[in-house]
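A quick write-up on the structure given underneath.
Bear in mind that the values in this text are calculations on the coordinates, not laboratory data. Values in this document were obtained by computation on a predicted structure and should not be read as measured data. Here the Cβ positions follow ideal geometry from the backbone for every residue, glycine too, while neighbour counts run over all protein chains shown.
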Amino acid sequence: MFARSGVWALLSAACAAAAIAWCARGGVAAGPPHVEASSQIAAGRYVVQSAGCNDCHTPGWAVSNGTLPESAWLTGSSVGSRGPWGTAYPPNLRLFAHALPVTAWVQLFRTSNGPGPMPWWNFSHGKMSDRDLAAIHAFIRHLGPAGTAAPIDLPPNVEPSTAYTWAVPPAGRH
Ligand code: HEC
């Protein structure tokens, strides 16, 4: 009887130890999902790449098949995205993140809304964890400021002098 309960006690202690080790390895993540990486900058690089920030904020990204060097990443685009909002240009995030403290960056992502060409709906209001948002900020700052500011956004009635794509064509246009 004693021997039996002793075995159980040992077994459960071993299980608890195994569970703690598993938790410590990240088997059970505390809080909202987030990326695990060897550093915050590596996490930021991963999120930027997989969340598709380069698709819009890096000129020539699609044509390069995603092979542009990091030095060219997120420098903003002068190809407008036209829709009911007018024409919006993906800003230069290398300059933007350099100027904005991380708390304001995270706050911007927590609260911003569409509709518009920037797909906030994928990232804001807790869809992307604060930890990953801060990692993006750290990674962009690590790249350093580069490039020039994107053109100023235009209201709907103004014809852009730059190239642009219709995100939402007006009625009767294809
Ligand atoms: C589908 C294209 C697209 C994708 C993908 C995209 N953006 Fe944007 N982003 C834009 C456009 C266009 C604007 C400008 C919106 C405007 O002017 O109304 C913008 C605006 C922003 C702003 C606001 C800057 C300001 O002046 O307030 C930040 C910050 C930003 N994007 C970061 C990101 C990050 C980080 C990612 C990836 C997680 C990302 N964007 C993905 C198109 C995109």
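What to note about this one:
- The residues 153, 55, when put in order of fewest to most other Cβ atoms within 10 Å, stand as 55, 153.
- Those residues of the stretch 78-119 whose amide nitrogen sits under 14 Å from the label point placed on residue 50, 7 Å along Cα→Cβ: none
- Ranked for footprinting exposure by Cβ neighbours inside 10 Å, fewest first, 109, 139 give 109, 139.
- Amide hydrogen proximity for residue 87: with H placed 1.01 Å from N in the peptide plane, the residues at 5 or more positions away or on another chain lying under 5 Å are 154.
- Fewest-first sequence of 136, 41, 152 by Cβ atoms within 10 Å of each Cβ: 152, 41, 136
- Cα pair distances of the stretch 33-149 binned at 10 Å [whole percent]: 14, 46, 36, 4, 0
- Working note: Cα atoms of the stretch 82-174, range along each principal axis, descending, whole Å: 44, 29, 17.
- Local electrostatic count, residue 137, Cβ distance below 15 Å [Lys/Arg +1, Asp/Glu -1]: +3
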